[in-house]
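Enquirer: Shown below is the structure under consideration.
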Amino acid sequence: MKKMFLLFLSLLILGLPKNVAAKQKVPILVYHSIDQYSGTGSKELYVTPENFEKQMTYLRDHGYTLLTFERWQDIKSVPKPIFITLDDGYKNNLHAFSILQKLSNRNFHPTATFFVISDFIGRTNRLTNSDLRMLVNTGLISVQSHTSTHPDLTKVNNLEYELKESKEKIQKITGKPVIAIAYPYGNTNEHVVAETKKYYQFGLTTTPGPFSLTGFKNELYYLPRIYIKYSTMLADFEQAVKVE
């Protein structure tokens with residue numbers, strides 16, 4: 001009887017779909033500047049438009065579904081879910097938008113999330129109010145918060161200004177809900193998370209690796225992200241987004 005039970009159990013496990021037996025991996029990629037490197041700032045924080053286009057084309061041609069955090073619940077129902085995020089709100093992020101727009105077709109609907117620093121909007125080399133409104137109105141870009149002034153939140157006393165004020169300012173500009181925040185430098189702790197939960201549904205770190213649902217407390221406020229850098233070649237990119 002025991003042998004029959006074990007045989008039945010083995011057949012049941014072997015018959016399960018792979019996505020049931022294996023834990024789902026959801027890559028959340030983080031970029032900064034999409035531009036040619038001009039010699040100013042950290043080179044690794046740049047990705048050339050040519051490389052960005054190659055990377056997005058790879059996702060298109062290999063069946064990935066690009067999501068924003070408004071569609072988080074879809075990670076369990078779409079093929080190969082992935083999130084494209086860009087931090088700091090640089091003007092050159094318009095190159096990323098143009099590439100996503102170019103690659104869009106009937107079967108591929110690329111989207112991305114721009115995390116902007118609310119007090120920096122409109123500064124030199126930063127996206128403007130009109131840029132942000134244009135982007136969200138296309139339906140391709142979600143604009144979310146990267147705080148008001150980009151401090152290390154674990155060292156800030158006035159978290160309300162960084163969290164609440166940035167959310168409200170961005171919402172006033174775009175007319176769209178702000179539900180996610182990318183912590184500057186990826187830094188957070190239990191106190192920051194407790195405050196973040198008052199205003200946001202998601203908090204993003206720079207802890208490397210894909211996201212897998214584990215059930216631990218507040219895991220949506222410790223979302224990991226995978227850096228895509230100047231030195232990231234297409235072969236590296238393929239490994240970074242691998243979900244099987």
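Each value in this text was obtained by applying a stated rule to the coordinates, not by laboratory testing. All values derive from a computational prediction rather than experimental measurement. Please note: Cβ atoms are built from the backbone with ideal geometry, for glycine as well, and neighbour counts cover all protein chains shown.
Enquirer: Explain nothing, just the number: relative contact order of region 25-240, from Cα pairs under 8 Å at least 6 residues apart, as a whole percent.
Expert: Relative contact order for region 25-240 comes out at 22 percent.
Enquirer: Could you please rank Tyr64, Tyr31, placing first whichever residue has the fewest other Cβ atoms within 10 Å of its Cβ?
Expert: Exposure proxy ranking, most exposed first: Tyr64, Tyr31.
Enquirer: For Lys164, which lysines qualify as cross-link partners when the Cα separation must be under 29 Å and same-chain residues fewer than eight apart are set aside?
Expert: Candidates past the 8-residue exclusion: Lys91, Lys155, Lys172, Lys176, Lys197, Lys198, Lys217.
Enquirer: Report D for region 119-244 in µm² per second (integer): Stokes-Einstein, Kirkwood Rh on Cα pairs, 37 °C, 0.692 mPa s.
Expert: For the chosen part, D equals 206 µm²/s.
Enquirer: In addition: Across the chain, what fraction of all alpha-carbon pairs, as a whole percent, falls in each successive 5 Å bin from zero upward?
Expert: 1, 6, 13, 17, 18, 16, 12, 6, 3, 2, 2, 1, 1, 0, 0, 0
Enquirer: For the residues Glu53, Glu190, what sequence is obtained by ranking on other C-beta atoms within 10 Å, fewest first?
Expert: Listing Glu53, Glu190 from fewest to most nearby Cβ atoms yields Glu190, Glu53.
Enquirer: Count the DSSP beta bridges whose two residues both fall in the chain, then state the antiparallel fraction as a percent rounded to the nearest 5.
Expert: Percentage antiparallel, nearest 5: 10.
Enquirer: Dipole of region 119-167, Cα-centred, from +1 at each Lys and Arg C-beta and -1 at each Asp and Glu C-beta, to the nearest 20 debye?
Expert: 120 debye
Enquirer: Translational diffusion coefficient of region 33-93 at 20 °C, 1.002 mPa s, Stokes-Einstein with Kirkwood Rh over Cα pairs, in µm²/s as a whole number.
Expert: 162 µm²/s
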